[in-house]
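This report concerns only the one structure given below.
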Amino acid sequence: MNIPSRPLIGQPTMTDLLSRVLFRDHLVIILNKPAGLAVHSGPRGKASLEDDFDQLRFGLPRLPALAHRLDADTSGCLVLGRHPKALRKLGRIFSEGLARKTYLAITTSPPPATKGIIDHPLLKISSKAGGWKMIVSPKGKSAITDYRVLDSWDGHHLLELHPRTGRTHQIRVHLAEIGCPILGEPKYDPALKASAPAHKDRDSAQPSNDQKLYLHARRIELPLYADRPLIDIRAPLPDHFKMLINQYDQSHLSF
């Protein structure tokens, strides 16, 4: 089941949310999550995608639930389990690293090589004054990201990334650590974080309309069934990605 996507502004309506369903079967739903909307409300009770999961029951008595998370700032493939049995199966797939995730990011500084492996453990720290953030620390949990540069133009660099682990803000911290923070990064880019408010809860980051984060969960591959091919789903690029690429006439980039 493939349905074209369109951008959401604020809380999604039923039509908006249904239009973002990229795939559905008896176990899973895969959505094209918009940038700037948290997947769950968090301790502050803000509006979130999860608020409207009742629209996604499709005849089942239970609401679907998140199989994993995406940052509020990040767009793209988001996997939901349709019932407890599905969530247990998805939980095993994600915890064992069997789900292959592909992200696209745009940076304005090049990475140190055209392809490589970023292997830096991550630790969550917090303070009353500054909120919380992830840092690279030998005391942290293992975090590994593969990357390659797909293209470069006019000071912009399009990267494809495959996180082997699923740490909070992993790609964002890893790219900042090697000197190429993601365009629009409000938290880990030294040039921007001074003017951005601290994040008090996991998904509170809300980029401004004129400066969204250029990080997109482009593709998800799930080995959900032993006797069938991988579920392989791609999320269309969000408008802010397409506008930037088109601005520089990158017509040779096929997405």
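Counting other beta carbons within 10 Å of each residue's own, what order do Phe241, Phe58 fall into, fewest first?
Exposure proxy ranking, most exposed first: Phe58, Phe241.
Where both partners of a DSSP beta bridge lie in the stretch 14-247, what percent of those bridges are antiparallel, to the nearest 5? If you can, show how the numbers build up before the last one.
Values: 47 of 49 bridges.
Rounded to the nearest five, the antiparallel share is 95 percent.
For Cα pairs less than 8 Å apart in space and 6+ apart in sequence, what is the mean separation divided by the residue count of the stretch 57-112, i.e. the relative contact order in percent?
Over the stretch 57-112, the number comes to 27 percent.
For the stretch 51-58, take each phi angle, set θ = phi - 60°, evaluate the Karplus expression 6.51 cos²θ - 1.76 cosθ + 1.60, and give the result in whole Hz per residue in order, putting x for glycine and proline.
4, 10, 5, 4, 5, 10, 6, 6
Select from the stretch 94-201 those trypsin sites (Lys or Arg not before Pro) which occupy a DSSP coil region and have at most 12 other Cβ atoms within 10 Å, ordered by residue number.
Passing sites in the stretch 94-201 are Lys128, Lys139.
How much length, in nm to one decimal, is gained on full extension between Thr165 and Phe58, taken as 0.36 nm per residue of separation minus their Cα-Cα distance? Write down the numbers at each step before the final one.
Details: separation 107, 0.36 × 107 = 38.52 nm, distance 3.17 nm.
Contour length minus the Cα-Cα distance gives 35.3 nm.
Could you check the simple spin-label distance between Lys85 and Asn246, using points 7 Å along Cα→Cβ, in nm with one decimal?
4.5 nm
Restrict the search to the stretch 96-178; then list the GluC sites (Glu not before Pro) that DSSP places in a loop and that have at most 13 other Cβ atoms within 10 Å of their Cβ.
Sparse-neighbourhood loop GluC sites (Glu not before Pro): Glu96.
Taking 0.36 nm per residue of sequence separation and subtracting the Cα-Cα distance, how much length would be gained by fully extending the chain between Leu123 and Glu177, in nm to one decimal?
18.1 nm
Read the figures in this text as sums done on the coordinates, not as results from a lab. What you see is a predicted model, and the numbers here were worked out from it, not measured in a lab. Reconstructed Cβ throughout: ideal geometry from the backbone, glycine too, with neighbour counts over all protein chains shown.
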